[in-house]
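Below is one structure, written out as structure tokens; the observations come after it.
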Amino acid sequence: MVSADIVDNGSFEFPAISPGGFELFSGGSTAITGWEVVGQNVLSLSTTYSELGPPFFTGMVQFNSQTGLNALDLTGGGNDSSASNGVQQSVATLAGATYVLEFYVGRAQSNNGDSRYQTPTTMDLMIDGGPRTGFTNSDVVTPGFVGWRQFSTTFTAANATTTLTFLNGTPSTTNYLGLDNVSLTAVPEPSAFLLVGVAGVLSLASRCRRS
């Protein structure tokens, strides 16, 4: 049995962004459904949004989402607002239960050598205010587009509510850090599988006695 995803709006589809556009959300904003913006600001980008870059403004980067129509850029308005930029969400959890958190980190790669879109990107994750753990997309490169890499981490919930915080860990010389397709699922207890197995054996034995 597969557990249901308990993250709200994990692909950042709400609010809708105009095709080919973007929207800036300032720190403290809860306009991104299910999420609160921390730091100074973040950007929500349409999957068809693109930019031309120097030196001759001929090279293009299209900021395609990993899934759906939107993705976040945690560098915000030009990566000039420090490593405090990000988003967080508190989800209902069961203390002592194990959860799997999955998400995608995006790295934009210009097709003309624009230095703002060349280097690896790092997403920092905090769980319930714990230490920042970095996840770096250094190997998924798609010139002219965003290359997405999936990461997964497992943790045991300590409380009835767990806060997930994603922060910008990318150097200020890089102007894009993508976040998309966040999901959180509970790991079924082994005892649940055991009970299902026992029930199946008992059912089979019962049918055999009646035959």
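The values are calculated or read from the model by the stated rules, or taken from the named source; none is laboratory data. None of these values were measured; they are calculated from a predicted model. Cβ atoms come from the backbone with ideal geometry, glycine included; neighbour counts cover every protein chain shown. We work out accessible area using only protein heavy atoms, side chains counted, and drop any ligands, DNA or RNA first. Shrake-Rupley method; radii C 1.70, N 1.55, O 1.52, S 1.80 Å.
Sub-9 Å Cβ pairs linking a first residue in segment 3-21 that is farther than 12 Å from residue 88 by Cα to a second residue that is at pLDDT below 95, at least 6 apart or interchain, are 3/188; 20/50, ordered by first then second residue. Here is a list of conditions, (1) open to solvent by 30 Å² or more (accessible area, probe 1.4 Å); (2) out of contact with any Gly (no Cβ under 9 Å at 6 or more places or on another chain), and residue 97 meets all of them except one; can you say which number that is? Single failed check for residue 97: (1). In the set (1) within 17 Å of residue 76 (Cα to Cα); (2) at pLDDT 95 or above, residue 130 fails one condition alone, (1). Counting only residues that are farther than 22 Å from residue 172 by Cα, in a loop (DSSP other than H, G, I, E, B) and either at pLDDT 95 or above or of a type outside the set (S, T, N, Q) (or both), segment 29-64 holds 10 of them. Residue check: residue 18 meets all listed conditions (1) part of a loop (DSSP other than H, G, I, E, B); (2) open to solvent by 10 Å² or more (accessible area, probe 1.4 Å); (3) polar (S, T, N, Q); (4) within 28 Å of residue 155 (Cα to Cα) but one, namely (4).
For residue 195, state whether it is at pLDDT below 95 and either out of contact with any helix residue (DSSP H, G or I) (no Cβ under 7 Å at 6 or more places or on another chain) or within 27 Å of residue 8 (Cα to Cα) (or both).
yes
Put simply, of 140, 100 the only residue that is under 21 Å from residue 43 (Cβ atoms) and of a type outside the set (Gly, Ala, Ser) is 140.
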